[in-house]
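S.K.: Input: one structure, supplied below.
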Amino acid sequence: MTDSSMSQPSYLNIKKGLFSWIFTLDHKRIGLLYLYSVGAFFLVGAALGVLMRLELLNPGGDLIEAQTYNQVFTLHGVIMIFLFIIPSIPAVFGNFFLPIMLGTDDVAFPRLNLMSWWLYVIGALFALSTLVFGDGPADTGWTFYAPYSVKTGTNVSMSVLAAFILGFSSILTGLNFIVTIHRLRAPGMGFNQMPLFSWALYATSWIQLLATPIIGITLLMIVAERMLGIGLFDPSIGGDPILYQHLFWIYSHPAVYIMALPAMGIVSEIIPTFAQRTIFGYKAIAYSSMAIAFVGYFVWGHHMFTSGMSGPAAYIFSILTFFVAIPTSIKVFNWLATMYKGSISIEVPLLYAVGFIFNFLIGGLTGLVNGALAADVHLHDTYFVVGHFHYVMFGGTGFAFFGALHYWFPKIWGKMYNKLVANVAFAIIFIGFNTLYFPMLILGIMGMPRRYYDYLPEFHSLNQISTYGSWILVSGLLLMIYNLIRGYFNGTKTTDNPWNGITLEWQTKSPPPLHNFDKAPELVKGGPYNYPNAIDGSH
Amino acid sequence: MSDNTKLVNHNDNEIHITSYVEHFGTWISLILLTFMTVFISVFGADLNTLTVATALFIASIKALVVAYYFMHLKYDPKIYRVMIIVVMALFLFFLLMLVVDYLTR
Amino acid sequence: MEHSFVLPNSGHNYDAKASKLGMWLFLYTELLLFGGLFIVYMVYRSLNPDAFLIASFNLNVWMGTINTVVLLTSSMTIAMSITAVQLGNSKLSLQLLLLTVLAAVVFLVIKYFEWGAKIEHGLWPGMDHFISLSHGEQLYFFLYFFMTGLHGLHVIVGMIFIIVVMNKIKKGSINKDKNQLLENSGLYWHLVDLIWIYLFPLFYLIH
């Protein structure tokens, strides 16, 4: 880099060489290591997704066979969930910005932080090794449902061990963040003066910590059952497959909030900055993060309404599921209220944030449809579910991830991408995304089941639209990535605070020095979003 | 949130040192409880289903004693007790919902 | 190059309280890891109460009781060793930790003989005797091996942890003023004890 004019060397050029990166203890470099790794896996996962859409362009197995298709959607799920979306925002932007936003120089346990990245790499290698070793990658779906996962000849054990190791990596990140938030806040920054992104990460970390071990042990039991054949989950020898589903979703439902909460935190950062206005209902947003995390533990059964779970249990889970909608909608109202009467500058990050709200609203409301018992009996395992969770995960978390990338890009690299191209890329992504996934909702209501390589002729036209959407989406993504890479190499130098933000990361240099701050950061009086020039100070 | 802020204050000078005698007393009570639970199980016999309940009840008392005295929870800031209660409550909820499912199936 | 300014709340400072909080958080994950197994135990026990009862007669209550006493005693010695270090008596602390490690070895030796006897009787999953059992009994023995095995693994990890701590006490890097690592090893060891407190009645005492 050519920042020789700066007094303090930035974290980017203080040391050179591969080893100064892969063995770094600096939270910013670890964040970037995660960015490159999850970015790479996102591209792999997306490529697999496009492949599936291509197969579904026409009915019949004209491109790939049924078995290959099963393995492709399993790999797509495992990669996107365990290797991309769970680590995405917390491990990339959490690592990079949590300490800076709290006004400190690193996380509480820097070595543990590095270890969790290494565990991520090892877990990823395990997952990829199934492509080469054994009888091919798992074909069970990312849920590894018993008894099929116990019986299939594909390399389930390896995939499951990969998920176990990746879970460990996720636990360590969460542990690190909780301790960091408790112990390393800047002097004078109470819990209620923290930026909302930290609150979101705090809630997320508790889920990572308290839910992940359960799936860890469950996956080990799958391996044990495959090796020893005891009949833990296999009904043909007396096991109970529903117990497996319980244990799986006790983790995997809270895991949905591991994916969604940090995204909400990002949106809560972007919106006040581009509205130049105090966030509306700070405490409501902060505590609703905790509420979502808490209630999220109690609703796992809504994935199992058609599994043979008892009626009363299903009623309870259904009612509890509706409670999750309350804190979520509190957040949406607060974001909208923050923008109301703000002096909004429509920049790329804000577009992604608003895109998030739009998509997440569709994703959330279709979630309620799934959560209703009667509707779910019809919609379970149809494309409606696939559409629903892609709206939440990709349209929600994915958009927030891209928004964060555009928001903090100048802070991370000290340069600016081409804003016009970024705007165009956003428009293409937004259109492509909705063209790709909205037809799935209709297909699901029409009754098209998920996880098949083939379908009946009456679903043809909607599937075609969906596949065209995937092409639009991919071209938008490629344009966005091209634009960011070009910005990285040739972007114009930016000021330290191009968006006029007031959370602590905007007080330091772009890119930040190794220890984040050259002098003690000054806390903003009256809360982290108290913009001095807000048009309407009262709220 | 006042408990959380307490954690941040560096009042490192007031470390509580548990005495040897207290540790020994804790040990005695744990051993007594162990013999009690073994005695009930092996010789007390006819409690039927209550055997498990008593055994688990005594085990929980032992666990509390270990956590409270050996693990120092009694003298730690309140937040530690709050956190472990939340964790255990969460786990008990998992158990409860599974019981609801299996009993009403 | 030299960075003169260091934040008061730096992540690179020695912070006993952060270290302790981190250890507790880790213990929660351990609790829930075993929690998953306890869930499986609860479900299958309630579905096969008689088979679990019959299978449990194969376990020797007295060996289990001795092991419980051994672990409880080791919990006391490690707790006392913390007191000793805090009072500045490193030598006593080392002796108490040595006792703790010895207790761990005794525990593992007894466990070894218990497992050995079961395997000799062909009760390891897949062996002749095991296959002839009813499904409920098979589940009991699977869970017995899985849970006590995982617990035994934790005993071994705890031993290694304590030995590392002993080295640090010898070198003086754990001392009167700076002993959080010792306290953490103690917390870990107590957790190993805590889990055994539940394993013992659930497997040995369901007569």
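S.K.: Put A:LEU441, A:LEU131 in order of accessible area, largest first, 1.4 Å probe: what do you get?
M.R.: Solvent-accessible surface, decreasing: A:LEU131, A:LEU441.
S.K.: Then there's this: Ignoring ligands, DNA and RNA, what percent of the accessible area of the protein assembly as shown is carbon or sulfur (1.4 Å)?
M.R.: 70
S.K.: Classify the protein assembly as shown from the C-alpha gyration tensor, please: rounded if a/c falls under 1.5, else prolate or oblate depending on whether a/b exceeds b/c.
M.R.: In terms of gyration-tensor shape, oblate.
S.K.: Leaving out ligands, DNA and RNA, calculate the buried accessible area for the pair B and A with a 1.4 Å probe, summed over both sides, in Å² to the nearest 100.
M.R.: Interface between B and A: roughly 2000 Å².
S.K.: Give the accessible surface of the protein assembly as shown per residue, rounded to a whole number of Å², with probe radius 1.4 Å and ligands, DNA and RNA excluded.
M.R.: Ligands and nucleic acids excluded, the figure is 37 Å² per residue.
S.K.: For the stretch A:1-100, with only Lys/Arg (+1) and Asp/Glu (-1) charged at the beta-carbon, what is the dipole magnitude about the Cα centre, in debye rounded to 20?
M.R.: 460
S.K.: Which chymotrypsin sites (Phe, Trp or Tyr not before Pro) in the stretch A:226-282 sit in a loop by DSSP (not H, G, I, E or B) and have at most 14 other Cβ atoms within 10 Å of their own Cβ?
M.R.: Here no loop site has a sparse enough neighbourhood.
S.K.: Expressed as an acute angle from 0 to 90° and rounded to the nearest 10, what is the orientation of the C-alpha long axis of helix A:399-413 relative to the principal long axis of chain A?
M.R.: Computed tilt is about 30 degrees.
S.K.: Measure nothing but the geometry: give the 0 to 90° angle between the long axis through the Cα atoms of A:27-55 and the longest principal axis through the Cα atoms of chain A, rounded to 10°.
M.R.: Its long axis makes an angle of about 40 degrees.
S.K.: Still on this structure, I have one more. Could you tell me the total accessible area buried at the C-B interface, probe 1.4 Å, in square angstrom to the nearest hundred?
M.R.: 4100
S.K.: Would you mind working out the magnitude of the charge dipole of chain A relative to its Cα centre, with +1 at each Lys and Arg C-beta and -1 at each Asp and Glu C-beta, to the nearest 20 Debye?
M.R.: 1440
S.K.: What is the spin-label model distance, in nm, from B:ASP76 to A:ALA520 if the labels are put 7 Å beyond Cα along the C-beta direction?
M.R.: 3.0
S.K.: I'd like the per residue volume of the convex hull spanned by the Cα atoms of the stretch C:1-69, given in cubic angstrom.
M.R.: Convex hull volume per residue, Cα atoms: 170 Å³.
S.K.: Take the cross-link list B:LYS74/C:LYS176; B:LYS74/C:LYS118; A:LYS411/B:LYS78; B:LYS62/C:LYS111; A:LYS519/B:LYS78 and give me the ones stretching past 29 Å between alpha-carbons.
M.R.: B:LYS74/C:LYS118; A:LYS411/B:LYS78; A:LYS519/B:LYS78
S.K.: Quote the accessible area belonging to A:ILE215 in square angstrom, nearest 10, computed with a 1.4 Å probe and with ligands, DNA and RNA left uncounted.
M.R.: Approximately 10 Å² of A:ILE215 is accessible to the 1.4 Å probe.
S.K.: Using a 1.4 angstrom probe on protein heavy atoms only, which residues from the stretch C:174-197 are buried by at least 20 Å² of accessible area when all chains are present rather than their own chain alone?
M.R.: In the stretch C:174-197, residues shielded by partner chains: C:LEU187, C:HIS190, C:LEU194, C:ILE197.
S.K.: Using 0.36 nm per residue, how much length does the chain from A:VAL44 to A:LYS16 gain when fully extended, once their Cα-Cα distance is taken away?
M.R.: 7.2 nm
S.K.: For a quick protection proxy, order the peptides C:184-196, A:308-320 by their average other-Cβ count within 10 Å, most packed first.
M.R.: By packing density, highest mean first, the sequence is C:184-196, A:308-320.
S.K.: Spin-label point model (7 Å from Cα, Cβ direction): what's the A:TYR468 to A:ALA427 distance in nm?
M.R.: 1.9
S.K.: Kindly list the residues of the stretch C:165-207 that lie in the label zone of B:PHE43, defined by a backbone N under 18 Å from the point 7 Å along the Cα-to-C-beta vector.
M.R.: Inside the label zone: C:205-207.
S.K.: As I understand it, the dipole of the stretch A:69-196 uses +1 on the Cβ of Lys and Arg and -1 on the Cβ of Asp and Glu, about the Cα centre. Which of A:LEU75, A:ILE100, A:GLY167 lies farthest toward its positive end?
M.R.: A:ILE100
S.K.: Place +1 on the Cβ of every Lys and Arg and -1 on the Cβ of every Asp and Glu in the stretch C:30-174, take the dipole about the Cα centre, and give the residue among C:ALA79, C:LEU53, C:PHE141 whose Cα lies farthest towards its positive end.
M.R.: C:ALA79
S.K.: What is the dipole size for the stretch C:29-204, taken about its Cα centre, with +1 at each Lys and Arg Cβ and -1 at each Asp and Glu Cβ, in debye to the nearest 20?
M.R.: 800
S.K.: Further, regarding this structure: Order A:ASP135, A:ASP105 by their accessible area, 1.4 angstrom probe, all chains in place, largest first.
M.R.: Heavy-atom accessible area, descending, gives A:ASP135, A:ASP105.
S.K.: Follow-up. Could you tell me the total accessible area buried at the A-C interface, probe 1.4 Å, in square angstrom to the nearest hundred?
M.R.: It comes to approximately 3600 Å² buried between A and C.
S.K.: Report the label-to-label distance for C:HIS135 and B:LEU96 in nanometres (one decimal), using points 7 Å from each Cα along the Cα→Cβ vector.
M.R.: Computed distance between label sites C:HIS135 and B:LEU96 equals 3.1 nm.
S.K.: Quick one: helix C:180-204 against the long Cα principal axis of chain C, what's the angle to the nearest 10°, folded into 0 to 90?
M.R.: Helix C:180-204 and the main axis of chain C meet at about 10 degrees.
S.K.: Semi-axes, largest first, in whole Å: what does sqrt of 5 times each Cα gyration tensor eigenvalue give for the stretch B:17-71?
M.R.: Calculated on Cα positions only, the semi-axes equal 27, 11, 4 Å.
S.K.: Among A:PRO213, A:SER343, A:TRP117, whose Cα lies farthest out toward the positive end of the dipole of the stretch A:25-507, if unit charges sit on the beta carbon of Lys, Arg (+1) and Asp, Glu (-1)?
M.R.: Most positive-ward Cα: A:SER343.
S.K.: Would you mind calculating the gained length between A:LYS493 and A:VAL121 on full extension (0.36 nm times residue separation, minus the Cα-Cα distance), in nm to one decimal?
M.R.: In short, 130.7 nm is gained.
S.K.: A follow-up question, please. Shielding by partners for A:206-217, please: the mean number of other protein chain Cβ atoms within 10 Å of each residue's Cβ.
M.R.: What the average comes to for A:206-217 is 5.
S.K.: Provide A:ARG53, A:ARG451 ordered by accessible surface of protein heavy atoms (probe 1.4 Å), highest first.
M.R.: Of A:ARG53, A:ARG451, the descending order of accessible area is A:ARG451, A:ARG53.
S.K.: What's the longest uninterrupted piece of chain A once you rule out the GluC sites (Glu not before Pro) that are loop residues per DSSP with at most 15 other Cβ within 10 Å?
M.R.: Formally, the longest exposed-site-free interval is A:66-521.
S.K.: So, taking all protein chains as they sit and a 1.4 Å probe, how much accessible area belongs to A:ARG183, in Å² rounded to tens?
M.R.: 10
S.K.: Any number yet on Rg/Rh for the stretch C:29-204, C-alpha, Kirkwood?
M.R.: With Rg and the Kirkwood Rh in hand, the quotient comes to 1.07.
S.K.: Across peptide A:234-246, what mean number of C-beta atoms from other chains lies inside 10 Å of a residue's C-beta?
M.R.: Partner Cβ neighbours, averaged per residue: 3.
S.K.: Express in nm, to one decimal, how much length is gained between A:ILE237 and A:LYS341 on full extension, taking 0.36 nm for each residue of separation and deducting their alpha carbon distance.
M.R.: 31.0 nm
The values are calculated or read from the model by the stated rules, or taken from the named source; none is laboratory data. This structure is a prediction, so every number in the text was calculated from the model and none was measured. Quick reminder, even Gly has a Cβ in these numbers, built from the backbone with ideal geometry, and neighbours come from all protein chains shown. SASA here: full protein model, heavy atoms, side chains in, ligands and nucleic acids out. Shrake-Rupley method; radii C 1.70, N 1.55, O 1.52, S 1.80 Å.
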